[in-house]
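A.B. asks: Just passing along the structure, written as structure tokens.
The values are calculated or read from the model by the stated rules, or taken from the named source; none is laboratory data. Keep in mind the model is a prediction, meaning the values are calculated, not measured. Neighbour counts are summed over all protein chains in view; Cβ atoms, including those assigned to glycine, are modelled from backbone coordinates with ideal geometry.
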């Protein structure tokens, strides 16, 4: 994964970053040698990780922080909280989605976005190989669980966030984790 030192929202492993952020948001300390995988189910860290992947009890409990340069849209924020909760998204992933959306609001659109879509698809195809289409379908399945799916699709298309490799990877990983937790399809 490439890192741009000028990016105000540096990208790390999306799941690890989401877990770290969720743990910190809940007031739990996270050591520098934090490893999200390979922990026993009875381990307190495993319990904390489970809590980090649990959505808040109510849609209103999501915290949405915007950069000062972005004008808040309270109606969109309320709808987004509802969508996030319906999809079962943890707070850390929501933070990443909001940050990516804000980056897209400040980015150019049009032909540049079309090129970005092609690059994103090529990047995911290189990374996932033959599993690319099925993982993209997993990401879409998370969006499909949300009420207001048409509105979400329009926002993702309009902002270009629907072609963001980080978002697609994160939603696919969440769907896979939810499948494993439920023992069946997400």
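One line per residue, one yes/no per condition, for (1) within 19 Å of residue 70 (Cβ to Cβ); (2) at pLDDT 80 or above; (3) surrounded by 13 or more Cβ atoms within 10 Å (Cβ to Cβ):
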position	(1), (2), (3)
102	yes, yes, yes
108	yes, no, no
121	no, yes, yes
132	no, yes, yes
159	yes, yes, yes
167	yes, yes, yes
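A.B. asks: For residue 75, state whether it is modelled with pLDDT of 85 or more and surrounded by fewer than 20 Cβ atoms within 10 Å (Cβ to Cβ).
C.D. replies: For residue 75, the condition - modelled with pLDDT of 85 or more and surrounded by fewer than 20 Cβ atoms within 10 Å (Cβ to Cβ) - is met.
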